[in-house]
Amino acid sequence: EPPATLEPTLPPTSTPLPEGVIFRDDFEGYFQPGWSWINENPDKWGFVDFGNAKWLRIVGENEGGFGENRTNILMRSLPEGDFVLTAHIVADPRLNHHQANIFIFEDPQNYILMNFGFCDHCELTSGAGHGYFMETIIENNPFGDIYAVPRGAEDTDVYLRLVNQGGSITGYFATEFGDWQRIGAFGNYFDFVSVGLGATNSIFPDWQGEPIEALFDYFEIAQP
């Protein structure tokens with residue numbers, strides 16, 4: 001049964017969107033219409049004051065991907081055709097498999113995941129496990145493909161961007177908005193229908209450690 005669509009707790013903002021922007025949510029203490037939760041745990045998310053604004057806070061729980069124990073994946077539909085997804089996230093992934101992430105997916109067996117996180121066994125040339133990661137999960141290829149780019153341990157205020165254009169999906173990160181650095185690119189062999197935001201601690205159900213807390217400033221869908 002699909003998750004129920006979230007209703008905004010306050011009237012959505014009436015500020016006109018900039019040209020080329022299809023959707024934007026600044027998480028100002030409520031959701032813009034169209035979001036839904038997969039496996040909601042209301043004790044592990046909320047709106048918090050950070051700086052001079054409200055941010056969406058998601059506390060990671062065990063299990064990555066779309067396993068039955070994965071909680072609080074915030075989902076919404078994607079537009080047809082090309083698109084640019086951008087999120088501004090503050091988090092400190094420092095334990096193994098901490099992740100703050102964006103998903104785009106066709107279904108729970110076929111999706112692309114991009115995150116900034118920590119992985120002590122991934123093939124990073126430096127950074128002691130701190131990295132930006134982009135991977136595919138395909139039903140008939142459980143190992144998928146992955147790009148891993150080193151990240152400074154101090155890089156905790158990050159912009160993530162996924163661009164679907166010209167038959168490929170390209171992932172970027174920036175520590176200063178506009179200074180986009182490429183993570184990797186995959187051929188567009190999915191029929192993407194949804195985008196998700198979330199945070200996870202581990203791919204292993206018996207993982208023990210301090211949970212990651214990811215703060216989301218905003219999320220935007222735009223035209224390329």
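The values are calculated or read from the model by the stated rules, or taken from the named source; none is laboratory data. All of these numbers come straight from a predicted model, not from anything done at the bench. Backbone-built Cβ (ideal geometry, glycine too); neighbour counts: all protein chains shown. Just so you know, the surface numbers come from the protein's heavy atoms only, side chains and all, with ligands and any DNA or RNA stripped out. Shrake-Rupley method; radii C 1.70, N 1.55, O 1.52, S 1.80 Å.
Here Leu197 clears all of (1) assigned to a strand (DSSP E or B); (2) of a type outside the set (Lys, Arg); (3) over 20 Å from Val21 (Cβ atoms); (4) modelled with pLDDT of 95 or more except the condition numbered (3). Cβ-Cβ contacts under 6 Å between residues 6 or more apart (or on different chains), taken from a first residue in the range 106-123 that is closer than 24 Å to Met75 by Cα to a second residue that is part of a strand (DSSP E or B) and among the charged types (D, E, K, R), are listed as Leu113/Glu135. Taking each residue of the range 156-175 that is closer than 16 Å to Phe219 by Cβ and assigned to a strand (DSSP E or B) and looking for partners that are at pLDDT below 95 and open to solvent by 20 Å² or more (accessible area, probe 1.4 Å) with beta-carbon atoms closer than 7 Å, six or more apart or interchain, yields Val163/Pro224; Asn164/Asp82; Asn164/Asn188; Asn164/Phe192.
Within the range 53-69, one or more residues are at pLDDT 95 or above, more than 25 Å from Gln165 (Cβ to Cβ), open to solvent by 50 Å² or more (accessible area, probe 1.4 Å) and assigned to a strand (DSSP E or B). Set side by side, the residues Thr125, Thr136 differ, and just one is modelled with pLDDT under 90, open to solvent by 10 Å² or more (accessible area, probe 1.4 Å) and polar (S, T, N, Q), which is Thr125.
Every residue, every condition in (1) assigned to a loop (DSSP other than H, G, I, E, B); (2) exposed (fewer than 13 other Cβ atoms within 10 Å of the Cβ), yes or no:
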{"position": "Gly178", "(1), (2)": "yes, yes"}
{"position": "Phe192", "(1), (2)": "yes, no"}
{"position": "Gly209", "(1), (2)": "yes, no"}
{"position": "Phe219", "(1), (2)": "no, no"}
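Taking the numbered list (1) modelled with pLDDT under 95; (2) surrounded by fewer than 18 Cβ atoms within 10 Å (Cβ to Cβ); (3) within 25 Å of Pro211 (Cβ to Cβ) in turn, Asn72 passes all entries but (2).
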